[in-house]
Amino acid sequence: MTLPFSLLFKGFKGFCVFAISAIFLSQCTTNSPVVIDHDSKIVVSVKDQTLVLTKNGAPVKSYKISTSKFGLGSSRGSNRTPLGHLGIAKKIGDGKPSGTVFKSRKPTGEIIKPNTPGRDPIVSRILWLYGKESHNRNTYRRCVYIHGTPEECRLGSPCSYGCIRMSSKDVIDLYNRVGVGADVQIIRGSLPTTSTNQTKAMANVANGKKDGS
């Protein structure tokens, strides 16, 4: 029996959706089952060089970071930090000692101390980002991460090659607090500083109600 073309097309479309979902999940898979984190939101202020973690809309903790020394953008090969709405696609580094050096996202076995002269590898933990908007959709392919850096003395000023850098202590702490799927928003402007309205304002930024990009 020959099925009508409409049914064949519907079946093919469904298969494509399933295949795309499977590919995405395979990118996000670690050795443990993937549990999507819907509660955590990360807001990165480029102007403040600060990352804030919120849980269920309430600020939890802030961290000093570094974004790209080449500025902002999503062009391939630009080494710039992307703006807008993103998410955590994959977590790498479970249980590795602080200062563990990663090359091509694999631990080399070397461990280095903060501010080791002449060294600038990715260390400690990697949170691999993906883009949710058309202009930053290539973030995953560009290999933009939140990761640890040994150049901790340079945190607080733009000095990366597109990624968001943190101290080893801070990136391990953040890594342990968030899961795959956690929302990330990178904004150009400052984070709210008024203590009275801070919780509400931060929650609005994290939920995309305030345009700070």
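Convex hull volume of the Cα atoms of region 98-179, normalised per residue: 103 Å³. Projecting the Cα atoms of Ile122, Val60, Pro192 onto the charge dipole of region 36-206, computed from C-beta unit charges around the Cα centre, puts Ile122 farthest toward the positive end.
So if R0 is 45 Å, what FRET efficiency would Lys132 and Lys106 give, r being the distance between their Cβ atoms, rounded to the nearest 0.05? Walk me through the numbers before you get to the answer.
Values: r = 27 Å, r/R0 = 0.60.
The pair Lys132/Lys106 has a calculated efficiency of 0.95.
Peptide packing for 184-192, 149-157 was compared via the average number of neighbouring C-beta atoms within 10 Å per residue; ordered from the highest value, the list is 184-192, 149-157.
By the count of other C-beta atoms within 10 Å, a proxy for reagent exposure, Asp94, Asp170, Asp37 are ordered fewest to most as Asp94, Asp37, Asp170.
Would you mind checking the pairs Lys96/Lys169; Lys41/Lys132; Lys41/Lys91; Lys91/Lys169; Lys103/Lys132 and listing those with alpha carbons more than 18 angstrom apart? With Cα atoms farther than 18 Å apart: Lys103/Lys132.
Read-outs: derived from the displayed coordinates by stated rules, not from any lab. Here the structure is a predicted model, which means the values were calculated and not measured. Don't worry about glycine lacking a Cβ; one is built from the backbone with ideal geometry, like all the others, and counts go over all protein chains shown.
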